[in-house]
Every structure is written in C-alpha cells, then in structure tokens.
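Derivation of every value follows stated rules applied to the coordinates shown; laboratory data play no part. Keep in mind that this is a model prediction, so the values were computed, not measured. Please note: Cβ atoms are built from the backbone with ideal geometry, for glycine as well, and neighbour counts cover all protein chains shown.
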Amino acid sequence: MRVLVYRMNCGFNGVTTWMADLGGELKARGVDMSFWFVGGSPDRAAPFEKIGPTTIGPVASLLAKLDRERYDVVQIATGDRWSLALTLLPEKYKLVATNHGSVGRVWNSSNCHALIGVSRDIVTLEQPYTDLAVDLIYTGVDIKRFALPTSFESGAPIVAWVGRASDVKQKDFARFTRVAAALKAKGFRIWVADGSGASAAEFTGPDCAQVAYDQWKRLTMAEIPAFYQAVAASGGVVLMTSRYEAFGLVAIEAAAAGAATIGTDVLGLREAILPEYGTTFSATATDAEITTLVEDWIAANPPSLANCARRADAVAARFSLSQMADAYLSAYERAAPRLVAKPTVLPEELPSGAREWIRDAASPEFRHRSLWQPMARELATASEGRLALRALKTAVRQDPGAIARPRDAMNLMGTAVRALRGLVRG
C-alpha cells in the first residue's frame, strides 16, 4: 500500500506529531509512506525524511504528482485550506480526511472515502454535516518515544504550559499567566514550551499577569519527551487552559512520560485527561480556584515511580499508537465509503467550547469559492493545463454565480486561456 500524507505546514503542533507517529508505525508495518507540506523549513521536515520521501512544495505540484503516480490513499487534515483541492482527482486514490479541530461541512461520500474525528466530541460536531459515518479514532502516541523519570527532584514542582501561546482565542494563555503568577509567588517553578515562536514579552495587557518564567522555549518533537519527564520528576503538572480542543495530545504525551495534567473541562480535552493521570476544572472556574486546585492536587500526588508508571500504563491501554494504526488501516482498506444509517442533528446540550467552533466554521460556499479559482490559476501557471481546466469546471459547479459577476468571469476566462495555451504547448 502506498500512502501520502498531506499537511499545509510542517510546524510545531500536535497534528505534525500525529503525522510522524502514524507514518512511522505504518512504515514499520510495510506501508510505503510519503509526506507533502506546502510550507515549513527543511529542519522541521527532517523527522519525516527518516520515514519516507518528504517534499515541501506547492499544491499544484502535488496534484500533478498524484495525477501521474499511483497512490492508494491520500491522508489529509480537514482544517487545512488547500486540503479540499485534493478532491480534484477522486478516481486516482482514496481520500481520507481527519478532523483535528474544526467543523468542516464540506466532506461527504462524493469527495471523501472516510472521514475521521479524533474525539467523540468532534464526531458529534461533524456528523450532522455529512452522509459519511464519521469514524472515531483517538490520536495515539508512540510510548517508546517517552521515558519515565529514574529519579525525583527535591526542588519546587514545575507547573508547565505547552502549546501555541499566540493562539489567544483557543488556548487562553492569558489565563495561564494569571494562575502562573499566583503559583510563582507560592514558590512553584513555571515552564512554558511555546510552539508559536512568541516571546514572554509579547504577553502584556489587562488580561495578562507578568511572570518571571523559569523556562520559556520553543521545542522540537525530539525535545518534548525530556520536557515532560522533567515535569514528572519535579512532582509538578502540565496546566492546560484551553477554551476548547479537538482532543488534547499534550495530556497523553505528558502522561506517557509520567507527568500529570490539569485542564479545562471542555470540548475534546475532557476525553484526553483521564482520572489516572489528571483532573479537570470548570470553564467558569476562577483563577483563584484553579490555583488552589493545582496546589492541592500536587500536594496529594507526590512524585513516585509507581504514580508515573500508572499514568503511562493508562495511556498505553487507551491511546496506544498500535490501536490508532489498526483503525487507520481499517479505514484505508475499506472497499467503499461507510454511510451513516440515518441523518443526525446536533444535540441540544453541547460541551463547553463547541458552539464557538460551530460559530466560527466557514460555510461550504466560502470554502469552495475561496479555493477553486486560485487553485485553477496556480495549476495554469504551473503549465498543468488539463488539471487547471478541471479545477475551473469545479469552480463553476460549486459557484455558478461566478460567471455572472464581471470580475470573476474575467478571471475565469483568463485562467481558461492560460490553461488552453499550456495544453497546446504541451
């Protein structure tokens, strides 16, 4: 089986880790793996090159490759803007889409072989908008990448935060700063592993507290396990202040290294933090209540090898990489799309954070309108005339009104002329 995994950016985030872990496990099972990123630096792509051919390049070049080479499966993330462009060649491969955190509303049996949600909450949000039966496949972690502490510190416990600090809306890093300032005053060490590349000095203003961080770093995938191990060895915790998450990979990676997590009881995250390795607090909890919760939890759970091992064992039992790979292979090998037995609707009661995601979801019309004309121009510019004309046809089918709008009509005509010239030259 040949599988190509596509992602918009090769960055510092959970989806990138998921790609590397899944790709490595599938390769170990004999699957021929390839990776394609639109953006990212060669150093970030290095972990993937150890698994299979890895390319950083435009989507037009990827479509040309997929048109000329045989792949059994193309795996995408639904939230990437350009992932929808890979529906252009449905006869060439099975397109499998994983929802890592969005409400897609554009994926169905006409353009997608399988649609996957990484938590039960995500499945609930996605199911009303598709005729596919959305698969629940929890993100798994490669336990072998992590090691438990071999000794424990006598110093102050570490309270750590991991994620994209600049994503203020979802991650609510401002809340962390306020709780961290209170904990710092009580003698705790404060560590931050920021994937967005921001600096502590950027977080000022009425919602943020000033904190003398003991550590603030941007870590690579290879450095993350030691970070969590140090938190576990200190008897500290990872504190997650997210307003919503698709799942919460941070919590299970931390537990794999023996560290506990305390996080918000919200969409997705509530499924990732198990009682064996952490606890949650209400989204309406005050900063003072969270501060007290962290203090009390650390005091009641002193560091020990037995505690660390119990946390790692819980991850291995519930969120193993092997289980995840089994489920993905089952979806890949499925002979035909699996359809939902009957349409569903959103439940009246939704977890905290769900309505924000639904409200912010782009409409299907906007996603198609903003994609297909630019995609056609990019293909025409790349001298892929046949594919450009195909994209133009899709653009008109998805947005028939474009031909009646003078500016859009001129753009469509200009792209068609370039595409036809490319065909003639070819």
5 angstrom amide H check on ALA160, placed H, neighbours 5+ away: TRP191, VAL237, VAL238, LEU239
Between the Cα axis of helix 305-318 and the main Cα principal axis of the chain, the angle (0 to 90°, nearest 10) is 20 degrees
Under a point spin-label approximation (7 Å from Cα along Cα-to-Cβ), what is the ALA336-ALA201 distance to one decimal in nm? 6.2 nm
Gap separating the Cα centres of segment 88-133 and segment 221-262, nearest whole Å: 29 Å
Which shape class, rounded, prolate or oblate, goes with segment 240-309 when its Cα gyration tensor gives a ≥ b ≥ c as root eigenvalues, a/c under 1.5 marks rounded, and past that a/b bigger than b/c marks prolate? oblate
In range of the label at ASP326: residues from segment 122-141 whose backbone nitrogen is under 17 Å from the point 7 Å along Cα→Cβ: 136-141
Bridge type composition, segment 143-319 - antiparallel percent by DSSP, nearest 5: 0 percent
What relative contact order, as a whole-number percentage, does segment 144-259 give when Cα pairs under 8 Å and 6 or more residues apart are counted? 41 percent
GNM top mover of ARG70, ARG120, ARG164 - the chain, alpha-carbon springs below 10 Å: ARG70
Tilt relative to the chain, helix 287-300 - C-alpha long axis, 0 to 90 degrees, to 10: 60 degrees
Residue separation times 0.36 nm, minus the C-alpha to C-alpha distance between ARG425 and ARG68: what's the value? 126.7 nm
I'd like the orientation of helix 14-28 relative to the chain: the angle between its Cα long axis and the longest Cα principal axis, in ° from 0 to 90, rounded to 10. 80 degrees
Comparing PRO406, PRO364, PRO42, which has the greatest mean-square fluctuation in the GNM of the chain with Cα pairs linked when under 10 Å apart? PRO406
Take the chain, connect every pair of alpha-carbon atoms lying under 10 Å apart with a spring to form a Gaussian network, then pick out the residue of ASP43, ASP21, ASP326 with the largest mean-square fluctuation. ASP43
